[in-house]
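So the structure is just underneath, and the comments pick up after that.
Just so it is clear, none of the values below were taken in a lab; they were calculated from the coordinates. Every value quoted in this text rests on a predicted model; they were computed, and no experiment measured them. Positions of Cβ are generated from backbone atoms using ideal geometry, with glycine treated the same way; all protein chains shown enter the neighbour counts.
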Amino acid sequence: MAKQKLKTPKTVAKRIKKVTARGKIIVSTTSAQHLATNKSKRRRRASRNVVVMSKGDVKQYKKLVG
């Protein structure tokens, strides 16, 4: 009997910006919008960037996304 497919959690799908050809996952940095006025300009500027997801999280995310 075949296994049922898992639905991709939409919150996980929204966090991932791109998957590169070599399988790296590109995500945007956190803490960009919420309570932004309390954060320094440097911190807000840095949160606009995208980063490569850490190796520890990649395996977990790939399983969720499929």
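Volume per residue for the chain equals 104 cubic angstrom (convex hull of Cα atoms).
Helices in the chain, meaning DSSP H runs of at least 4 residues, each add -39500 (n - 2.57). Divided by all residues, the mean residue ellipticity at 222 nm is -9000 deg cm²/dmol.
A Förster radius of 25 Å, combined with the Cβ-Cβ distance separating TYR61 from ALA36, puts the computed FRET efficiency at roughly 0.45. The value of relative contact order for the chain, using C-alpha pairs under 8 Å at least six residues apart, is 37 percent. Between VAL27 and LYS5, the contour length at 0.36 nm per residue exceeds the alpha carbon distance by 5.5 nm. In summary, the lysines within cross-link reach of LYS18, defined as a Cα separation below 18 angstrom excluding same-chain residues under 8 places away, comprise LYS10, LYS55, LYS59, LYS62, LYS63.
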